[in-house]
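To start, the structure itself, in structure tokens.
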Amino acid sequence: MNWYAPHVYVIPEDDADRQLADGFVLHHAVNETRIQVVPPAGGWPHVLKTFRDEYVRKLRDYPLAHVVMLIDFDGQYESRRAAFEVETPHDLGARVFVVGARQAPEALRNALRKSFEEIGTSLAGECRAGEAALWGHEQLEQNAPDLQRLIEAVKPILFGPA
């Protein structure tokens, strides 16, 4: 990955979230040289610690970088979202995103009867098309406030200009 070109880091909470992110990257139109899915952090507090300890510096060093933290909200969207907002420096907020399943990715997989990778690929297709049908699923709908901002930021990086 070229750190001096626009790029996206994805920090998944666990292996299920990693599989979702990998499915996103597998979409045929994603420029895989512009996205890096890092190893699972091992819990949402570890995602936050990894972001704070490693990626705040990277965002400051590389102004074209973006970070997507993919977590399980475990039914605690407001409190977890608030924890991430407190730890995100104001000057970097436009390049930082926290998204995930209302409960856990397994609930989404069971409801859709698709693999994590298939779900991730579908989400990439919606991102590319500027749609939000799957994002409107009850397990993902809480991401709506940040979804448009996320799509606007990563779509040109991962799919090229409109």
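The values are calculated or read from the model by the stated rules, or taken from the named source; none is laboratory data. Keep in mind that this is a model prediction, so the values were computed, not measured. All Cβ positions, glycine included, derive from the backbone under ideal geometry; neighbour counts span all protein chains shown.
Spot the failing condition for Glu13; the list is (1) in contact with a Leu (Cβ under 8 Å, 6 or more places away or on another chain); (2) closer than 20 Å to Ala129 by Cβ; (3) buried (at least 16 other Cβ atoms within 10 Å of the Cβ), and only one is missed.
Among (1) in contact with a Leu (Cβ under 8 Å, 6 or more places away or on another chain); (2) closer than 20 Å to Ala129 by Cβ; (3) buried (at least 16 other Cβ atoms within 10 Å of the Cβ), Glu13 violates only (2).
Please determine, by comparing only the residues of region 1-28 that are of a type in the set (Asp, Glu) and outside any helix (DSSP H, G or I), which one is nearest to Leu150 (Cα to Cα).
Initial filter on region 1-28 (of a type in the set (Asp, Glu)): 13-15, 17, 22.
Of the ones still in play, those that are also outside any helix (DSSP H, G or I) are 13-14.
Working: Glu13: 18, Asp14: 21 Å.
Here the residue is Glu13.
Out of the residues in region 31-88 that are part of a helix (DSSP H, G or I) and among the aliphatic types (A, V, I, L, M), state the one that is surrounded by the fewest Cβ atoms within 10 Å (Cβ to Cβ). Reasoning before the result, please.
From region 31-88, those part of a helix (DSSP H, G or I) are 32-34, 44-61, 77-87; that's our starting set.
In the following step, the residues that additionally are among the aliphatic types (A, V, I, L, M) were identified as 47-48, 56, 59, 82-83, 86.
Details: Val47: 27, Leu48: 22, Val56: 16, Leu59: 21, Ala82: 11, Ala83: 15, Val86: 8.
That would be Val86.
Any idea how many residues of region 95-106 are in a helix (DSSP H, G or I) and either within 16 Å of Gly23 (Cα to Cα) or modelled with pLDDT under 95 (or both)?
Residues of region 95-106 that are in a helix (DSSP H, G or I), as a first pass: 95, 105-106.
Applying the additional criterion that residues be either within 16 Å of Gly23 (Cα to Cα) or modelled with pLDDT under 95 (or both) yields 105-106.
Number satisfying all stated conditions: 2.
Name the one entry in Lys155, Lys58, Lys114 that is touching a Ser or Thr at 6+ places or on another chain (Cβ under 9 Å) and either closer than 24 Å to Tyr4 by Cβ or of a type in the set (Lys, Arg) (or both). Outline the logic, then answer.
On the way: Lys155 fails: touching a Ser or Thr at 6+ places or on another chain (Cβ under 9 Å); Lys58 fails: touching a Ser or Thr at 6+ places or on another chain (Cβ under 9 Å).
After applying the criteria, what remains is Lys114.
Are any of the residues in region 76-93 in contact (Cβ under 8 Å) with a residue 12 or more places away in the chain, more than 19 Å from Glu13 (Cα to Cα) and in contact with a strand residue (DSSP E or B) (Cβ under 9 Å, 6 or more places away or on another chain)?
yes
Across region 114-137, what is the number of residues that are modelled with pLDDT under 95 and either β-branched (Val, Ile, Thr) or loosely packed, with under 15 Cβ neighbours inside 10 Å (or both)?
5
Give just the number: which of (1) within 26 Å of Glu126 (Cα to Cα); (2) touching an Asp or Glu at 6+ places or on another chain (Cβ under 9 Å) does Gly42 not satisfy?
That leaves (1) as the condition not met.
Looking at this structure, is Val67 touching a strand residue (DSSP E or B) at 6+ places or on another chain (Cβ under 7 Å) and under 19 Å from Ala153 (Cα atoms)? Reasoning before the result, please.
Working: touching a strand residue (DSSP E or B) at 6+ places or on another chain (Cβ under 7 Å): yes; under 19 Å from Ala153 (Cα atoms): yes.
Yes.
What's the total number of residues in region 31-75 that are among the aliphatic types (A, V, I, L, M) and in contact (Cβ under 8 Å) with a residue 40 or more places away in the chain? Let's see the steps before the verdict.
Step one: of region 31-75, the residues among the aliphatic types (A, V, I, L, M) are 35, 37-38, 41, 47-48, 56, 59, 64-65, 67-71.
Okay, now just the ones that are also in contact (Cβ under 8 Å) with a residue 40 or more places away in the chain, so 35, 64-65, 67-71.
Summing the residues that are among the aliphatic types (A, V, I, L, M) and in contact (Cβ under 8 Å) with a residue 40 or more places away in the chain in region 31-75 gives 8.
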